[in-house]
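Data block below; observations after.
The values are calculated or read from the model by the stated rules, or taken from the named source; none is laboratory data. Bear in mind that the values here come from a model prediction, so they are computed numbers and not experimental data. Cβ placement follows ideal geometry from the backbone for every residue including glycine, while neighbour counts extend to all protein chains displayed. We work out accessible area using only protein heavy atoms, side chains counted, and drop any ligands, DNA or RNA first. Shrake-Rupley method; radii C 1.70, N 1.55, O 1.52, S 1.80 Å.
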Amino acid sequence: MSVKYKIKVGIIGGSGLDDPSHQLLKSCHIIKRESVETDFGLPSSNLFQGTIAGVDCILLSRHGVGQIINPTGVNYRANIEALRSVGCTHIIATTACGSLIESIDRGNLVIPDSFIDRTIHRKGTLYDGTSRKYQGICHIPMEPSFDPDVANIFESAAKDLGIMIRKGGTVVTIEGPRYSSKAESNVFRSWGGHLINMSICPEVYLAKEAGILYGAIALATDYDCWHESEQVVCASDVLVVFKKNLSRLIEIILKSVELIGQKNWDQQIDNLKQIIKNNTI
């Protein structure tokens, strides 16, 4: 059966997975590395183009190789547009998060399905007149926030590998680079937040505006500062926990890419394109 769209998966590595040259590249047959400039400027890193399980992939470091860009300084629009411009149909994003609930412990993996955006300084739309590719004003609906079929792929991949993962959870994205106060942390808990980070927004809704099926895998590294019996979050400790659990995360990414490549995504991609069309004026 012929397919309408050729699948290409963009993989955005976050904190702890910010140097593709010594992480995922070991499992990815790299064809080339290239610099791409978009109407929104330069992305955070070069694009590493290759294949995983026969599926075309693009690797990009969200904070730059060596984590040199702070969360607010990331050019999220350029990152998303760069991946779209080279033909990405999907994005798998990784993110280190603080846990806002007892049942998500350090080292636990979570597939978020919604978000609360507390950022204030970031450009939150592709439709602002910067690029002729995005004409008009797009009132993109954000339910579902993350693509549910991509989330199902993550869950299936983890199950096949025998790796525990929690499906569902709300991630609160704060501006950063500072961490939350205790009062803020408790407010986010009262709002129903399960995780807290500094990078999912605006990435998740820019990807949807760009017509890319987006899913994220979160790794809980700390308890922010709300937990009375736990130490307050520390950046160096976050990276230690992330790297300790990195192998499981990479396994799920590799298996997910394989499973994505086995599925016909024509209907999902067409549906998203129609949503964008119907909500752009």
| task | Determine the distance separating the Cα centre of the stretch 56-105 from the Cα centre of the stretch 114-173; give it in Å without decimals. | result | 11 Å
| task | Treating only the Cβ atoms of Lys and Arg (+1) and Asp and Glu (-1) as charged, compute the dipole magnitude of the chain about its Cα centre; round to the nearest 20 debye. | result | 560 debye
| query | In nm, what is the difference between 0.36 nm times the number of residues separating ASP237 and ASP149 and their Cα-Cα distance? | reply | 28.4 nm
| Estimated 222 nm signal from helices in the chain, with DSSP H stretches of n ≥ 4 weighted -39500 (n - 2.57), rounded to 500 | -9000 deg cm²/dmol
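Between GLU175 and ILE137, how high is the FRET efficiency from 1/(1 + (r/R0)^6) when r is the Cβ-Cβ distance and R₀ = 30 Å? Nearest 0.05.
In this case the efficiency is close to 0.80.
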| task | Take every Cα pair under 8 Å in the chain that's 6+ residues apart, average their separations, divide by the length, and report that relative contact order as a whole percent. | result | 25 percent
| note | Listed by chain and number, the lysines with an alpha carbon less than 19 angstrom from that of LYS273, same-chain partners under 8 positions apart left out, are LYS4, LYS6, LYS8, LYS133, LYS208, LYS263
| Is the stretch 179-281 best put as rounded, prolate or oblate by its Cα gyration tensor, with a ≥ b ≥ c the root eigenvalues, rounded for a/c under 1.5, and otherwise prolate when a/b is larger than b/c, oblate when not? | oblate
| remark: Looks like the stretch 168-207, by Cα gyration tensor root eigenvalues a ≥ b ≥ c and the a/c under 1.5 rounded cutoff (else prolate when a/b is bigger than b/c, oblate otherwise), is oblate
| note | Rounded to one decimal in nm, the spacing of the 7 Å Cα→Cβ label points at LYS4 and ASN264 is 1.2 nm
| note | So for the stretch 118-211, using the alpha carbon gyration tensor with a ≥ b ≥ c as root eigenvalues (a/c under 1.5 gives rounded; past that, a/b versus b/c decides prolate or oblate), I'd call it oblate
| Roughly how many nanometres apart are two label points built 7 Å out from the Cα toward the Cβ at GLU37 and SER247? | 4.3 nm
| said: Please give me the summed charge of the neighbours of ILE196: other residues whose Cβ is under 13 Å from its Cβ, Lys and Arg +1, Asp and Glu -1. | reply: -1
| Positive-end extreme of charge dipole, the chain - chosen from THR130, ILE140, TYR5 (charges on Cβ) | TYR5
| message | Antiparallel versus total DSSP beta bridges in the chain: what percent is that, nearest 5? | response | 35 percent
| Kirkwood Rh, Cα Rg: Rg to Rh for the chain? | 0.94
| For the stretch 28-73, what's the relative contact order in percent, using C-alpha pairs closer than 8 Å and at least 6 residues apart? | 31 percent
| field | Cα-centre dipole for the stretch 20-117 with unit charges at Cβ (Lys and Arg positive, Asp and Glu negative), debye to 20 | value | 340 debye
| Probe 1.4 Å, all protein chains in place: accessible area of HIS121 in Å², nearest 10? | 130 Å²
